[in-house]
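The values are calculated or read from the model by the stated rules, or taken from the named source; none is laboratory data. Predicted, not measured: the structure shown is a model, and the values here were computed from it. We place every Cβ from the backbone using ideal geometry, glycine too, and count neighbours over all the protein chains shown.
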Amino acid sequence: MAIGMVDDRFYRATITRRDDFSPDLWTLRIRPEGEFKFTPGQYATLCLHGSARRLERPYSIVSSPYEDELEFFFELVPRGDLTPELYQLQVGDALHMRKSPKGRFTLVTRAGTNHLLVCTVTGVAPFVSFIRTLYRDWNEAKFHGDHKLFLLNGASRSWEFGYLNELQKIAAEVAWLKYVPTVSRPWEDEKWPGEVGRVDDLIRKYSDQWELNPSNTVAYLCGHPGMIEHGRGILQRRGFRKESIKEEVYWVPAKHAAAS
């Protein structure tokens, strides 16, 4: 698909790095031609423009606002409109992106608040942005650990954890981050030494272990719509109200289109 011509609502952006984790999971770093200010947890709208129509989709930003480039974590949707085209892109190729970020899936920054972060595969993207930003602030003494993050990261197999090493390293260094990755198909990943089970099924276990409850915690659910629906039900039965549960659904099950 050609990069094509778009209007002045878009930046041209160049791919500067690509990393592949599996045949259907990869990251891209891009450098837009102009300034792009965002808050961790927001998304950017990426665009490819062909001769017949323009294809664009929103994608959560992995990188921190402190970084010079924007990073995205993709899962290939074979019959999707956009990810098969994005999958073909390599370093040096170009695409377009809207100049303004969107989204309200941002961190509640009340002092003393706990944050329970639950995600599947590419749903980790906004949480990595949270953590990278706080880690930079921590190292510069701008953040003093007065709220804590508890991340449950689910995948079918361990090679789907695009940020496992980075998150484990930070969690080992700071007291304000707890990180538990879990695989739901351990029989396909026999060397995996960590937690097993579907990530939503572990909400009760770790909420109790970490002493997280509706009076001291905001919950964030990101990724697969089935996980979000199940996770929301678990949290509500534990007393979490709607305003204490934030959600970022990556596609609409009936259409399979929103994250394609």
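For residue 123, the conditions (1) outside the structural domain of residue 29 (by TED's automatic domain parsing); (2) more than 16 Å from residue 63 (Cα to Cα); (3) of a type outside the set (Lys, Arg); (4) touching a residue at least 12 places away in the same chain (Cβ under 8 Å) are fulfilled apart from (2). From the list 188, 247, 211, the lone residue that is of a type outside the set (Phe, Trp, Tyr), closer than 18 Å to residue 130 by Cβ and either at pLDDT 95 or above or in the same structural domain as residue 156 (by TED's automatic domain parsing) (or both) is 247. Checked against (1) among the hydrophobic types (A, V, I, L, M, F, W, C); (2) outside any strand (DSSP E or B); (3) surrounded by 23 or more Cβ atoms within 10 Å (Cβ to Cβ), residue 143 passes all but a single condition, namely (3).
Only a single item in (1) buried (at least 17 other Cβ atoms within 10 Å of the Cβ); (2) over 18 Å from residue 125 (Cα atoms) is not met by residue 162, and it is number (2). The number of residues in region 27-45 that are closer than 10 Å to residue 72 by Cα and touching a Leu at 6+ places or on another chain (Cβ under 8 Å) comes to 4. Within region 221-229, does at least one residue satisfy the condition of being surrounded by 20 or more Cβ atoms within 10 Å (Cβ to Cβ), more than 30 Å from residue 56 (Cβ to Cβ) and either assigned by TED's automatic domain parsing to the domain that holds residue 156 or modelled with pLDDT of 95 or more (or both)? For region 221-229, residues surrounded by 20 or more Cβ atoms within 10 Å (Cβ to Cβ), more than 30 Å from residue 56 (Cβ to Cβ) and either assigned by TED's automatic domain parsing to the domain that holds residue 156 or modelled with pLDDT of 95 or more (or both): absent. If we scan region 194-207, do we find a residue that is basic (Lys, Arg), within 29 Å of residue 28 (Cα to Cα) and touching a residue at least 40 places away in the same chain (Cβ under 8 Å)? Within region 194-207, one or more residues are basic (Lys, Arg), within 29 Å of residue 28 (Cα to Cα) and touching a residue at least 40 places away in the same chain (Cβ under 8 Å).
Any residue at all in region 204-214 that's of a type in the set (A, V, I, L, M, F, W, C), under 29 Å from residue 241 (Cβ atoms) and touching a Leu at 6+ places or on another chain (Cβ under 7 Å)? Yes, the conditions are met somewhere in region 204-214. Can you name every residue in region 71-102 that is part of a loop (DSSP other than H, G, I, E, B), under 18 Å from residue 61 (Cα atoms) and either polar (S, T, N, Q) or touching a helix residue (DSSP H, G or I) at 6+ places or on another chain (Cβ under 8 Å) (or both)? Correct list: 76, 100.
Of all residues in region 99-140, those being aliphatic (A, V, I, L, M), surrounded by 21 or more Cβ atoms within 10 Å (Cβ to Cβ) and out of contact with any strand residue (DSSP E or B) (no Cβ under 6 Å at 6 or more places or on another chain) number 4.
Residues of region 160-167 include at least one that is of a type outside the set (Ser, Thr, Tyr) and not in a helix (DSSP H, G or I).
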